[in-house]
Amino acid sequence: AGGAGGRGRRRGRAVKEAIYAGTFDPVTCGHVDVAERAAHVFGRLTVAVAEDPAKTLLFPVEERMALARESLAHLDNVEVTSFSGLLGDWARARGVHTLIRGLRAFSDFEYEFQMALTNRKLAPDIETLFLMPNEDFSYVSSSMVREIASLGGEAEKFVPAAVAEALRRRLGPR
Ligand code: COA
């Protein structure tokens, strides 16, 4: 660091800040758990909500951000924002070189492996770190939560209260 140069000389580059990016459609207790763990390890965590991912979305980006913000309000070193374009470029432009992803189960590995190595190829200076959520949430996914809510099930078992309420508003009452 400090102009010393060379890939082997990273003194003074202690990791202070990380980015946890995702679609968060919607944010679940599993995502909150990963964010809590990352907020504990890093001085500052930016939760980056993908504006327009190649997925069919239930919630528009403003609502996905608002729900993430409300669900993470208890963490004073976490900021929620949106991003578009390549994540590695976006992270570097913010001066952040660490990406966080949650690894829930073995089945996540292939997708996460592909994404981490793609990001490494595109942005070799950006490192992806994986955190394991609490096993109570290892089976929870946003699509499962959307399905449960659309069929009138109790989403609050898997998502923060504000998210359950938003799901009810959007998908109708039980
Ligand atoms: N708890 C609960 N669910 C979790 C989870 C956790 N800890 N970790 C992952 N998931 C689930 C989500 O619920 C979601 O489930 P679903 O698909 O069944 O709905 C799924 O895993 C992934 O969603 P999410 O965590 O929101 O992230 P993502 O995989 O959609 O995010 C981006 C992907 C946005 C980070 C990635 O596409 C990206 O970086 N895009 C920018 C473009 C780019 O740079 N591309 C090159 C790199 S690949």
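The table for this structure:
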{"read-out": "Region 43-80 and region 82-126: distance between their alpha carbon centers, rounded to Å", "value": "16"}
{"read-out": "Region 82-142, Rg to Rh (Cα coordinates; Rh as Kirkwood inverse mean 1/r)", "value": "1.01"}
{"read-out": "Rough spin-label spacing in nm, given labels placed 7 Å along Cα→Cβ, for Val41 and Met115", "value": "1.5"}
{"read-out": "1.4 Å probe accessible area per residue over region 116-168, in Å²", "value": "56"}
{"read-out": "Only Lys, Arg (+1) and Asp, Glu (-1) charged, at Cβ; region 93-141 dipole about Cα centre in debye", "value": "240"}
{"read-out": "Cubic angstrom per residue, convex hull over Cα atoms of region 65-109", "value": "122"}
{"read-out": "Kirkwood hydrodynamic radius (C-alpha pairs) into Stokes-Einstein, the chain, 20 °C and 1.002 mPa s, D in µm²/s", "value": "126"}
{"read-out": "Cβ-placed point charges (K, R +1; D, E -1), dipole of the chain about Cα centre in debye, nearest 20", "value": "700"}
{"read-out": "Extreme residue, positive dipole direction of the chain, given options Ala18, Val159, Ser143 (C-beta unit charges)", "value": "Ala18"}
{"read-out": "Pair Arg94, Asn77: separation of 7 Å Cα→Cβ label points (nm)", "value": "1.5"}
{"read-out": "Nonlocal amide H pairs with Val47, under 5 Å, H built at 1.01 Å", "value": "Tyr20, Glu79, Val80, Thr81"}
{"read-out": "Proximal lysines to Lys121, defined as alpha-carbon separation beneath 28 angstrom and excluding residues fewer than eight positions away on the same chain", "value": "Lys16, Lys55"}
{"read-out": "Estimated 222 nm signal from helices in the chain, with DSSP H stretches of n ≥ 4 weighted -39500 (n - 2.57), rounded to 500", "value": "-11500 deg cm²/dmol"}
{"read-out": "Share of carbon and sulfur in the accessible heavy-atom surface of region 102-146 [1.4 Å probe, %]", "value": "61"}
{"read-out": "Point-to-point label distance, Arg168-Asp125, nm (Cα→Cβ direction, 7 Å offset)", "value": "4.8"}
{"read-out": "Candidate residues Met132, Met144, Met65: accessible-area rank, largest first, probe 1.4 Å", "value": "Met132, Met144, Met65"}
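The values are calculated or read from the model by the stated rules, or taken from the named source; none is laboratory data. The structure presented is a predicted model; accordingly, all values stated were derived computationally and were not measured. Cβ: placed from backbone, ideal geometry, glycine included. Neighbour counts: every protein chain shown. Surface areas here come from the heavy atoms of the whole protein model, side chains and all, with no ligands, DNA or RNA. Shrake-Rupley method; radii C 1.70, N 1.55, O 1.52, S 1.80 Å.
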